[in-house]
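Here the structure is laid out as structure tokens; the discussion comes afterwards.
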Amino acid sequence: MTIVLLTTGLALLAPSAALVRPLPPADPACVTMNTQQLPLDKRKSPLDSTSFTVGGKTVKVCYGRPSLRGRQMLGGEAVPFGQIWRTGANEPTMIHPTGPITVAGLKVPAGSYSLYTVPGKSEWEVVINRSITQWGEESNYTEAVAKQELGRAKVKAESLSAPVERFTVRAEPASGEATALVLEWETTRVRIPLTK
């Protein structure tokens, strides 16, 4: 099929349908907010991300990386046990699967979601939420935001022998298909199971 643009005399050839291949899904950008008052390059807790695959689908996790700086965080005043936490700093942690996956037993379709947690000494609750437009401060987790929860699931917390200074989110294993999303900070590690 030929399309002719009469005003310029240019001809554009459209490829045959058999030759057109769908593009792979674009790597989603990390959602940032409040950058006028809190520019990314001025934040004490920098924005970071990690990408991995689950069942052949790309998953990207974007999160703020707070540091201990001599403070007790988990179970302390900043991140008390038994209360909702943005799972990082600044914006809530966000997870962007390009296809359906299962996170801690919760079916998560392709899309963008906020990932909150409710930390505890030996067990954490994982919260997947459809809302991605609220600033991460826990006071912004309103009833309207809570109504958008996809679900909650509990996972075990482990103790680490050496402290982790800066909050870290990583996939396990580090290469190949991920089977867990690992959260590490202070002397705590939480493994969130991932399956297709």
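The numbers here are math on the coordinates, done by the rules we state, and not lab data. Predicted model, so just to flag it, every value in this text is computed and none were measured. Cβ placement follows ideal geometry from the backbone for every residue including glycine, while neighbour counts extend to all protein chains displayed.
In order along segment 175-182, the phi-based Karplus estimate (6.51 cos²θ - 1.76 cosθ + 1.60, θ = phi - 60°) of 3J(HN,Hα) comes to 9, x, 6, 6, 10, 7, 9, 9 Hz; Gly and Pro are listed as x.
For residue 72 and residue 137, compute 0.36 nm times the residue count separating them, minus their Cα-Cα distance, and round to one decimal in nm. Value of the extension gain: 21.6 nm. Residue-wise HN-Hα couplings along segment 153-167, as the Karplus relation 6.51 cos²θ - 1.76 cosθ + 1.60 with θ = phi - 60° gives them from phi, are 8, 9, 9, 7, 9, 10, 9, 9, 6, 10, x, 9, 5, 10, 3 Hz; Gly and Pro carry x. Backbone geometry of segment 57-70 corresponds, through the Karplus equation with coefficients 6.51, -1.76 and 1.60 at θ = phi - 60°, to 3J(HN,Hα) couplings of 9, 6, 10, 10, 10, 10, 7, x, 10, x, 10, 5, 6, x Hz, x marking Gly and Pro. Here residue 57 is the anchor, and the aspartates and glutamates within straight C-alpha reach of less than 18 Å, apart from those fewer than 8 places off in the same chain, are 27, 172, 177. For segment 64-149, the Kirkwood hydrodynamic radius comes to 13.6 Å, computed from all pairs of different C-alpha atoms. Near residue 131, the amide H atoms lying under 5 Å from its own belong to 114; only residues 5 or more places off or on other chains count, and H is placed 1.01 Å from N. Residues within the reach of a label modelled at residue 172 (point 7 angstrom out along Cα to beta-carbon, backbone nitrogen below 15 Å), restricted to segment 103-135, are 104, 123-124. Taking the three principal axes of the alpha carbon atoms in segment 25-195, the coordinate ranges are 40, 40, 31 Å, sorted in descending order. Full extension of the segment from residue 123 to residue 164, taken as 0.36 nm per residue of separation minus the current Cα-Cα distance, would add 12.9 nm.
Over 32 Å apart at the Cα level, from the set 42/156; 60/147; 42/196; 147/196, are 42/156; 42/196.
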